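The values are calculated or read from the model by the stated rules, or taken from the named source; none is laboratory data. For clarity, every value in this text was computed on a predicted model and none was experimentally measured. Cβ placement follows ideal geometry from the backbone for every residue including glycine, while neighbour counts extend to all protein chains displayed.
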Amino acid sequence: MPLRLLAGTDGADRAIRWVHVSELEDPTPWLKGGELLLTTGMAIGRTPSKQRAYIRRLAEAGLAGLGFGVGFSYARVPKAMITIANEAGFPLFEVPYAVPFIAITEAVFTRLLAEQYDVLQRTVDAEHAMTRALMEGQGVTGIATSLAVAIRGWVLLLDLHGIPLAATSRAAEQRAERAWDELRTSRPEGAGFSFTLVDRGHHIWIQPVGAQGRVEAFLAVGKPESLSQLDRIVAAHALSLFAIELAKSRALAEAERRLQGDSFDSLATGALSEEEAAKELARFGFERDGRVVVVALEGPSPADLAYAAEDHFSRSGGGFLISRHESGVHLLVPSGSERDLPELAKALTIRAEADVRAGAGSAVPVTDVKRSLREASYALQVCRLERWDSAGFDDLGTYRLLLSMAEPDALRAFADSLLAPLDAYDRDHHGDLITSLRAFLQHNARWEQAAADLFVHRHTLRYRIRKVEELTGRDLSSSFDRMEFWLAIRARELLATEAAS
């Protein structure tokens, strides 16, 4: 004899967690929610108001439904209970006298056991698939793909800069920015956290990936439906596999960085022949017979800067070498890669989350890396002086004339030959001849603008410039003399920048 659903059709798909039999007037203090309650109606009350209150209590407690056994206290289910159950969307079904409650209990328990076994089997299958992807060298992409299949959703793995390491679908890619924004603003300190959010109809669960308190990345899994117990179990297993893969990649990357640094040093010292240099660069993806360029970088810590540069160039393709040093990073890239130097500085600034400056040398044969390195260092020095984000050696204009005097003593002698008399006057008279001369030259001999910059009257500035001419024997109405003074001042600034670096 079949059971008959009398009310609450809208809630008929509720999950049943357990089955419980009770004849109490209010059984809810002994229930957790999700139970299917069975009763013969002994304690529901004889009045419609009590019967409605009974159904309301069950619905508010989050029960899955009520099975009402007829033929005991009631010949049929009271109409008041059916009415209020329909209003609340609470499933209410009639249990004929001939159907024992134990039969319902056994049927539900059999179904729950089958579902739990199915979850266990799917979990084991998913864990095997993800582990196989790890063992076969498919990397984080293979693990993410297996996880996405298991949860029937999508998977997104973000690095510590918010850049996707793996994204299994367009839905994952579209939510990368939102997930990263949420991580930046909402995640607590430490490695032990997780949170959920809803974005454009998808439920997303985010957790850190790492081990021993060190966060390596962030895992986000999502789907249109709420994540199930299976989804969370499988995703938790994936976290450990991602941590293993990322730790392995980190160890390999450290070895690769040391090898790259040694190779760069060998090239920069000119210790290799042309054939040896070509073979060495071929190991790192450089084409034979190609010209190369050195890029000097400074910004955050050399370790963070090297990581950001490595991440950037590994995504763009082509050969590259990275060498850390005390104050920054040197890159060796194929000729042409430096043409987008401003974009490179901007990209590394975003990845490193700190300002990055970049200076590039000239394109040279593989045997002349030392010259490109020297020029890149000069270009970076000028960037520091002028507060530029980036510059190539070819962009330095008249600075190249000064930088060609590679010996600091030569630069210093050139500057002192013009400026020493002014130094002596300023020292003895507490004057501002050097400062006034710099402002005068920067404003192209425009008296009003230079005086305003110095916060002095133009007559005061005229007096100081005449004193400069008197002490040096030069004529500042002459463009040649003005250029020499400008070069001398710049030479000193370059020397001061080099000393501070």
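Can you pull out the residues in the range 260-301 that are under 25 Å from Thr349 (Cα atoms), among the polar types (S, T, N, Q) and touching a residue at least 24 places away in the same chain (Cβ under 8 Å)?
Gln260 - this is the single residue of the range 260-301 that is under 25 Å from Thr349 (Cα atoms), among the polar types (S, T, N, Q) and touching a residue at least 24 places away in the same chain (Cβ under 8 Å).
Name, by its number, the condition in (1) closer than 30 Å to Val21 by Cβ; (2) loosely packed, with under 14 Cβ neighbours inside 10 Å that does not hold for Leu112.
(2)
When the range 455-476 is examined, which residues are found to be in contact (Cβ under 8 Å) with a residue 24 or more places away in the chain and outside any helix (DSSP H, G or I)?
In the first step, residues of the range 455-476 are kept if they are in contact (Cβ under 8 Å) with a residue 24 or more places away in the chain; the result is 461, 464-465, 467-468, 471-472, 474, 476.
Once the filter is applied, which keeps residues that are in contact (Cβ under 8 Å) with a residue 24 or more places away in the chain and outside any helix (DSSP H, G or I), the range 455-476 yields Arg474, Leu476.
Could you go through the range 319-340 and let me know if any residue there is surrounded by fewer than 19 Cβ atoms within 10 Å (Cβ to Cβ) and part of a helix (DSSP H, G or I).
Restricting attention to the range 319-340, the residues satisfying the condition of being surrounded by fewer than 19 Cβ atoms within 10 Å (Cβ to Cβ) are 319, 325-327, 334-336, 339-340.
Checking which are part of a helix (DSSP H, G or I) leaves us with 339-340.
Yes: one or more hits.
Counting only residues that are surrounded by fewer than 17 Cβ atoms within 10 Å (Cβ to Cβ) and not hydroxyl-bearing (Ser, Thr, Tyr), which one in the range 140-158 is nearest to Lys223 (Cα to Cα)? Lay out the reasoning, then the answer.
First pass over the range 140-158, keeping only residues surrounded by fewer than 17 Cβ atoms within 10 Å (Cβ to Cβ): 141, 149, 152.
Among the residues that remain, those that are also not hydroxyl-bearing (Ser, Thr, Tyr) are: 149, 152.
Values: Val149: 11, Arg152: 7 Å.
Taking the candidates together, the pick is Arg152.
Whether any residue in the range 396-404 is aliphatic (A, V, I, L, M) and at pLDDT 85 or above is what I want to check.
Residues of the range 396-404 aliphatic (A, V, I, L, M): 396, 401-403.
Still in the list and also at pLDDT 85 or above: none.
No, the range 396-404 has no match at all.
Does Ser226 satisfy the criteria of being hydroxyl-bearing (Ser, Thr, Tyr), farther than 21 Å from Asp159 by Cα and surrounded by fewer than 20 Cβ atoms within 10 Å (Cβ to Cβ)?
yes
Looking at Ala420, Ala413, which one is at pLDDT 75 or above and within 19 Å of Met483 (Cβ to Cβ)? Give the steps one after another, and end with the answer.
Numbers: Ala413 fails: at pLDDT 75 or above.
Result of the check over Ala420, Ala413: Ala420.
For the range 245-261, does any single residue satisfy the condition of being closer than 16 Å to Ser372 by Cα, not assigned by TED's automatic domain parsing to the domain that holds Ala220 and not hydrophobic (A, V, I, L, M, F, W, C)? Give the steps one after another, and end with the answer.
In the first step, residues of the range 245-261 are kept if they are closer than 16 Å to Ser372 by Cα; the result is none.
No: the range 245-261 contains no residue that is closer than 16 Å to Ser372 by Cα, not assigned by TED's automatic domain parsing to the domain that holds Ala220 and not hydrophobic (A, V, I, L, M, F, W, C).
Identify, please: which residue in the range 210-223 is of a type in the set (A, V, I, L, M, F, W, C) and free of Cβ contacts under 8 Å to residues at least 60 places away in the same chain and is, among those, surrounded by the most Cβ atoms within 10 Å (Cβ to Cβ)?
Initial filter on the range 210-223 (of a type in the set (A, V, I, L, M, F, W, C)): 211, 215, 217-221.
From what is left, the residues that are free of Cβ contacts under 8 Å to residues at least 60 places away in the same chain are 211, 215.
Details: Ala211: 14, Val215: 16.
Step by step, filter the range 210-223, then rank; the result is Val215.
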